[in-house]
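Notes for the one structure printed next.
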Amino acid sequence: MQITKIVITGGPCAGKTTGMGRIQKEFAKLGYKVLFVPETATELINGGVAPWTLVSNEEYQKCQISLQKRKEEIFEQAASRLGAEKVLIVCDRGVMDNKAYMNDIEYENVMRALGLHEVEERDQYDAVFHLTTAAKGAMEAYTLSNNGARTETPEEAIRVDDLLISAWTGHPHLRVIDNSTSFEGKLSRLTAEIASFLGEPIPLEIERKYLIRYPDLQKLEEKPNCEKVEIIQTYLNSRGDTEVRVRQRGRDGRYMYYRTEKSRVSDTARTEIERRISQAEYVGYLMEADPSRRPIRKTRYCLTENNCYYEIDVYPEWEKQAILEVELRTEDQEVVFPEEISVIREVTCDKTYSNHALAAKMPEED
């Protein structure tokens, strides 16, 4: 039984409601039983529970996050009892959306009070799909009339949209769906991104890789749309062209664990099958580690800009260079680089810089 839990998020008037209907229609055709976890904020505010009716925003956020988590638990329990082969749980916003509506002190207080940690709450979802507010690039479509809980001006909508992207930055599978096409095109891109993640028709990953000058880490860490993640990656014994690895991913002593299988399709495309595993499973898989390859330790800086999700990997063995990867929608998509990045050269097709090869031997710095 395959149960996948994803988040559909985005700024005000981004098309989430219409997108939900499209997801139901398209993925039912592919054999999925689709379950929807309704947006908690709208339920509470329409019911009279709001930041302005409670004694403080902190108290409201505690209520919203608690209800959100309980709803998701119930839907996950129900999903396991459906008897369906493939279940897709779609959350209309997730726990991390709340971060966009709190200042840093409020956020820390709420997470502490509820006993929660950011890495675990963010990465519990299998994938996150952010729909950009219509206030960014489709102003003619921006309206408050279709949601009684929505009050933001276009300027406020843009600010919230940016904060939401920042809140989810650091997740291993975050995709931003912008307004570069018609609304119909936007919905088509949303369903295509979800299908690609689910491996329908095949689990295809398209990415390009670049060798870059060692970045200014302080500047990266100061950016609100950048998140630092610690990674330990271990390759397992495998056969043929298939690479099998397990990964510990997180920070501050809190980690999530993954098992991934990758097979090459072309120079820029590979099939990828990844699933989240428990810590006990992770430790068990380490017994199958390839003895010819060392575990890779690296610090990853996840950066969301230009409607792209960049992953900058810094290795302790290098002082002058690093690796930047960016996932693309198509193999011929043009890559736009963040202005603070200095590219040395593309190494997508250079096996010397594949993680599998780096685990065997780190190349000399350029």
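The values are calculated or read from the model by the stated rules, or taken from the named source; none is laboratory data. The structure presented is a predicted model; accordingly, all values stated were derived computationally and were not measured. Please note: Cβ atoms are built from the backbone with ideal geometry, for glycine as well, and neighbour counts cover all protein chains shown. All accessible areas refer to the heavy atoms of the entire protein, side chains included, with ligands and DNA or RNA removed. Shrake-Rupley method; radii C 1.70, N 1.55, O 1.52, S 1.80 Å.
Compute the acute angle (0 to 90°) between the alpha-carbon long axis of helix 183-198 and the principal axis of greatest extent of the alpha-carbon atoms of the chain; round to the nearest 10°.
Long axis of 183-198 versus the principal axis of the chain: about 50 degrees.
Taking a spot 7 Å from the Cα of Ser342 along the direction of its beta carbon, which residues of region 293-324 have an amide N less than 13 Å from it?
Zone members listed by number: 320-322.
Using a 1.4 angstrom probe on the protein heavy atoms only, line up Arg22, Arg70 by accessible area, largest first. Mind dumping the intermediate values first?
Working: Arg22 50, Arg70 115 Å².
Ranked list, largest accessible area first: Arg70, Arg22.
Mind pulling the angle between the C-alpha long axis of helix 104-114 and the longest principal axis of the chain? Nearest 10 degrees, somewhere in 0 to 90.
Helix 104-114 and the main axis of the chain meet at about 90 degrees.
To make sure I understand the rule: partners must be lysines, Cα under 24 Å from the Cα of Lys186, and not fewer than 8 residues away in the same chain. Which ones qualify?
Lys5, Lys16, Lys25, Lys29, Lys33, Lys136
In sequence order, what are the phi-derived ³J(HN,Hα) couplings for region 303-316 according to the Karplus relation 6.51 cos²θ - 1.76 cosθ + 1.60 with θ = phi - 60°, rounded to whole Hz, with x for glycine and proline?
Listing the rounded values in order: 10, 9, 8, 6, 6, 10, 10, 9, 10, 9, 9, 10, 9, x Hz.
Can you give me the distance in nm between label points at Ala360 and Glu76, each placed 7 Å from the Cα along the Cα-to-Cβ direction?
Those two pseudo-labels are separated by 3.9 nm.
Shape call for region 158-214 from the C-alpha gyration tensor, a ≥ b ≥ c root eigenvalues: rounded (a/c under 1.5), prolate (a/b greater than b/c) or oblate? Before the final figure, lay out the partial values.
Numbers: a/c = 1.74, a/b = 1.04, b/c = 1.67.
It is oblate, given that a/c is not under 1.5 and a/b is not larger than b/c.
Quick one: helix 57-79 against the long Cα principal axis of the chain, what's the angle to the nearest 10°, folded into 0 to 90?
The answer is roughly 70 degrees.
For a label point 7 Å from the Cα of Thr18 along Cα→C-beta, name the residues of region 120-142 whose backbone N is under 19 Å from it.
Under 19 Å, as judged by backbone N against the label point of Thr18, lie 129-142 of region 120-142.
In the P(r) worked out for the chain, what percent of Cα pairs fall beyond 26 Å? Walk me through the intermediate numbers first.
Working: 35376 of 66795 pairs.
Result for the distance tail: 53 percent.
Sort largest first and round to whole Å: the equivalent ellipsoid semi-axes of region 216-366, each the square root of five times a Cα gyration tensor eigenvalue. Mind dumping the intermediate values first?
Working: eigenvalues 123, 73, 53 Å².
After scaling each eigenvalue by five and taking roots: 25, 19, 16 Å.
So, in Å, what gap is there between the alpha-carbon centers of region 84-161 and region 33-54?
12
Give the whole-number value, in cubic angstrom per residue, of the convex hull volume spanned by the C-alpha atoms of region 280-366.
Taking only Cα atoms, region 280-366 has a hull volume of 145 Å³ per residue.
On the protein heavy atoms, probe 1.4 angstrom, tell me the percent of accessible surface of the chain carried by carbon and sulfur. If you can, show how the numbers build up before the last one.
Working: 8430 of 17140 Å².
Percent of accessible area from carbon and sulfur atoms in the chain: 49.
Between Leu144 and Glu317, what is the spin-label point distance in nm, taking each point 7 Å from the Cα along the Cα→C-beta axis?
Between Leu144 and Glu317, the label points sit 5.7 nm apart.
I need the GluC sites (Glu not before Pro) found in region 46-145, filtered to DSSP loop residues with at most 13 other beta carbons within 10 Å of theirs. Intermediate values should be presented prior to the final figure.
Numbers: sites: Glu58, Glu59, Glu72, Glu73, Glu76, Glu85, Glu106, Glu108, Glu118, Glu120, Glu121, Glu140; in loops: Glu85.
Those satisfying the criteria are Glu85.
With a 1.4 Å probe and every protein chain left in place, work out the accessible area per residue of the chain in Å², rounded to a whole number. Display every interim value, and only then the final one.
Values: 17140 Å² over 366 residues.
With the other protein chains kept in place, the chain gives 47 Å² per residue.
State the Cα centre-to-centre distance between region 306-366 and region 253-267 in whole Å.
Taking the Cα centre of region 253-267 as reference, the centre of region 306-366 is 16 Å away.
Exactly which trypsin sites (Lys or Arg not before Pro) in region 195-269 are in a DSSP loop and have at most 15 other Cβ atoms within 10 Å?
Working: sites: Arg208, Lys209, Arg213, Lys219, Lys228, Arg239, Arg245, Arg247, Arg249, Arg251, Arg254, Arg259, Lys262, Arg264; in loops: Arg239.
Filter output for region 195-269: Arg239.
Please give me, ordered by residue number, the chymotrypsin sites (Phe, Trp or Tyr not before Pro) of region 1-72 that lie in loop per DSSP and have at most 10 other Cβ atoms within 10 Å.
Details: sites: Phe27, Tyr32, Phe36, Trp52, Tyr60; in loops: Tyr32, Trp52.
Listed in order of number, the matching sites are Trp52.
As a test of the formula, what do you get for the chain when each DSSP H run with n ≥ 4 contributes -39,500 (n - 2.57) and the sum is divided by the residue count, at 222 nm and rounded to the nearest 500 deg cm²/dmol? Mind dumping the intermediate values first?
Details: 10 runs with 110 residues, N = 366.
Dividing the helical sum by the residues of the chain leaves -9000 deg cm²/dmol.
Suppose the Debye formula is applied to equal point scatterers at every Cα of region 10-95; what is log10 I(q)/I(0) at q = 0.11, 0.21 Å⁻¹?
Listed by q, the Debye log ratios stand at -0.38, -1.04.
Roughly what % antiparallel, to the nearest 5, for the DSSP beta bridges in the chain? Before the final figure, lay out the partial values.
Values: 56 of 78 bridges.
Close to 70 percent.
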